[in-house]
Amino acid sequence: MKKILVTGGTGYIGSHTAVALLEKGYQVIVADNLYNSDERVLDAIAQITGVRPLFENVDVADEAACMQLFRRHADIEAVIHFAAYKSVNESVVKPLDYYRNNLDSLMRVLRGMEAVGCHKMVFSSSCTVYGQPETLPVTEDMPYQDASCPYGNTKRIAEEILKDIVRADGMKNDAHPSLKVLLLRYFNPIGAHASALIGELPNGVPNNLMPFITQTAAGIRPRLSVFGSDYDTPDGTPQRDYIHVCDLADAHVCAMEYLFSDGFSGWDAFNIGCGRPYGVLDVIRSFEKMSGVKLPYEIVGRRPGDIEKIWGNVEKAKRVLGWQAKRDLDEMTLSAWQWQRHLQEKA
Ligand code: UD1
C-alpha cells in the first residue's frame, strides 16, 4: 500500500483529496496545523471512507517539526503539498506572512523529502500564475504574468523553485532526474462531497463566491455583492472556470498514478478545470434552481485585483493524466448548498 503524505490534509481541497486517495487504497498521512481547519474533518473522512487517516498536527513551515515528521515517516513515497495560506485579500495586507508561510513550508517539505529519499510531489498551484491571459482558453505553456497579489506570487515563485530543484537534480543525476514534480493549476474549486460531511469552511466573512452565496441563502449574510457588471463578457460579470472539488480531488489520484508510472520524469504542469467559462450570474442562477432559494444580491463596483476572464484548455490533463471533470455546475452548486445545510443542522 503506497504511503502518501498530504500536507494541509484537513483543509478544503486536502480533505476531499484524502477521501479520494483512501478510496483508491492509498495509505494517507494527513499533516496539518489546523490553522484554517478543524480536527473533526478527520472523523468525517473516516465516516465517508471507513478509514481514519493517520494525523500529524504539524506546521510544516517549522523546520525542525517538519524534519521530524519526515523522520517519523521515512517510508513516505509521495507528497501532495496543499499546506498554504490562500486568501487573496489577506495576502495584500500581510505579504510577508504569505511569502514566509507559503515558501518556507514548500522548502521545508522539500528538505524533508530529500532527507528520507522521497522523490515524488504534487504541488497545489493555481491558474492565478497566468494573470489575465491574452488568449483563451489558457494552455500550460503560456507565460507567467504578474499576479495581482502576494498570494498569487507565492504560487508562481513556488513553481519556479520546484523547476529549479528538478533541474539541479537532473544535472546531478546525469540528466535523469529522480525527482518527479507535478504542478496542478486549479481553476475555481467549488462544491462539496456528496455525503455533505466535508466541504469548504471559511473563517469569518468568506472572500470567495460560493461560500458567500450559500451563507447568504442561509440568512447568515444579508445579500451577495456582485462585483461588477461592466466587464467585456456575455453578462458583464467576470468569467471563471468553476470545477467541482471532487473532480479536483480525482485529478490528484490520476496525478499520483502518473507519478508512479515509468513514463514520467522531471516536472510538468496541468490545468485542472472544466474548460468552460461561467459568469457570476450563471452561478447564481444555477444555485437558485438547484436549491430552490431566491438569492438576494446587488450589483456593486468591481473588486480591485479581479481579472476579467479566465478558463483553461484542459486537453493536456485528459491526454496525459487520463483525467477530466465529470460534474457540472448544477452539481457543484447543489452540493455546496447541501454542505451549508449540514453545517446549519450541526450548529
Ligand atoms: C481567487 C484567486 C484564485 C484562488 C481563489 C481562492 C486570483 C486571480 N484568483 O479566485 O487563485 O484560488 O481566489 O482563494 O488571484 N465574486 C462576487 N462576489 C463575492 C465574491 C466573488 O461577485 O462576494 C466574484 C468575483 O468578482 C469573481 C468570481 O466571483 O468574478 C469568483 O471570485 P472568487 O470566488 O473570489 O475567486 P477568484 O477571485 O476567481
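Going by the structure shown, is SER105 touching a residue at least 12 places away in the same chain (Cβ under 8 Å) and under 19 Å from GLY312 (Cβ atoms)? No: the conditions fail for SER105. Residues in the stretch 321-330 include none that are surrounded by fewer than 16 Cβ atoms within 10 Å (Cβ to Cβ), within 16 Å of the ligand (Cβ to nearest atom), among the small types (Gly, Ala, Ser) and assigned to a loop (DSSP other than H, G, I, E, B).
Only residues that are open to solvent by 20 Å² or more (accessible area, probe 1.4 Å) and part of a loop (DSSP other than H, G, I, E, B) were counted across the stretch 148-157, and they come to 1.
If the condition is being touching a residue at least 40 places away in the same chain (Cβ under 8 Å), assigned to a loop (DSSP other than H, G, I, E, B), near the ligand (Cβ under 10 Å from one of its atoms) and within 30 Å of ALA46 (Cα to Cα), then the stretch 201-249 contributes only ASN207. Under the condition of being in contact with a Lys or Arg (Cβ under 8 Å, 6 or more places away or on another chain) and open to solvent by less than 10 Å² (accessible area, probe 1.4 Å), the residues counted in the stretch 257-278 number 6. Scanning for something open to solvent by 10 Å² or more (accessible area, probe 1.4 Å), in contact with a strand residue (DSSP E or B) (Cβ under 9 Å, 6 or more places away or on another chain) and in a strand (DSSP E or B), does the stretch 159-174 turn up at least one residue? Checked the stretch 159-174: no residue is open to solvent by 10 Å² or more (accessible area, probe 1.4 Å), in contact with a strand residue (DSSP E or B) (Cβ under 9 Å, 6 or more places away or on another chain) and in a strand (DSSP E or B).
Being open to solvent by less than 10 Å² (accessible area, probe 1.4 Å) and under 26 Å from THR17 (Cα atoms) is the filter here; which residues of the stretch 226-249 pass it? ASP241, ILE243, HIS244, VAL245, ASP247, LEU248, ALA249, listed by residue number. Does at least one position in the stretch 107-125 carry a residue that is at pLDDT 95 or above and near the ligand (Cβ under 10 Å from one of its atoms)? So far as the stretch 107-125 goes, yes, one or more of its residues are at pLDDT 95 or above and near the ligand (Cβ under 10 Å from one of its atoms). For the stretch 180-200, which positions are near the ligand (Cβ under 8 Å from one of its atoms) and polar (S, T, N, Q)? Selection gives ASN188 alone.
The rows are residues; the columns are (1) touching an Asp or Glu at 6+ places or on another chain (Cβ under 8 Å); (2) open to solvent by less than 70 Å² (accessible area, probe 1.4 Å); (3) in a helix (DSSP H, G or I).
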residue	(1), (2), (3)
ASP59	no, yes, no
ALA64	no, yes, yes
GLN68	no, no, yes
ILE80	no, yes, no
ALA83	yes, yes, no
TYR98	yes, yes, yes
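Sub-6 Å Cβ pairs linking a first residue in the stretch 284-298 that is closer than 13 Å to SER335 by Cα to a second residue that is open to solvent by 80 Å² or more (accessible area, probe 1.4 Å), at least 6 apart or interchain, number zero. Checking each residue of the stretch 207-214 against the condition of being more than 22 Å from the chain's Cα centre (by Cα) and β-branched (Val, Ile, Thr) gives no match. Quick check on the stretch 293-319: of everything there that is surrounded by 14 or more Cβ atoms within 10 Å (Cβ to Cβ) and in a strand (DSSP E or B), which residue is farthest from the ligand (Cβ to nearest atom)? Residue satisfying both the conditions and the ranking: GLY312. Residues of the stretch 250-284 that are among the aliphatic types (A, V, I, L, M) and within 12 Å of the ligand (Cβ to nearest atom): ILE272, VAL280, LEU281, VAL283, ILE284.
Kindly indicate which of ALA74, ALA44, ALA78, ALA20 is free of Cβ contacts under 8 Å to residues at least 60 places away in the same chain and among the small types (Gly, Ala, Ser).
None of the others qualify; the one that does is ALA74.
The values are calculated or read from the model by the stated rules, or taken from the named source; none is laboratory data. As the structure is a prediction and not an experimental result, all values here were calculated from the model. We place every Cβ from the backbone using ideal geometry, glycine too, and count neighbours over all the protein chains shown. Note: accessible area is taken over every heavy atom of the protein model, side chains too, but ligands, DNA and RNA are not part of it. Shrake-Rupley method; radii C 1.70, N 1.55, O 1.52, S 1.80 Å.
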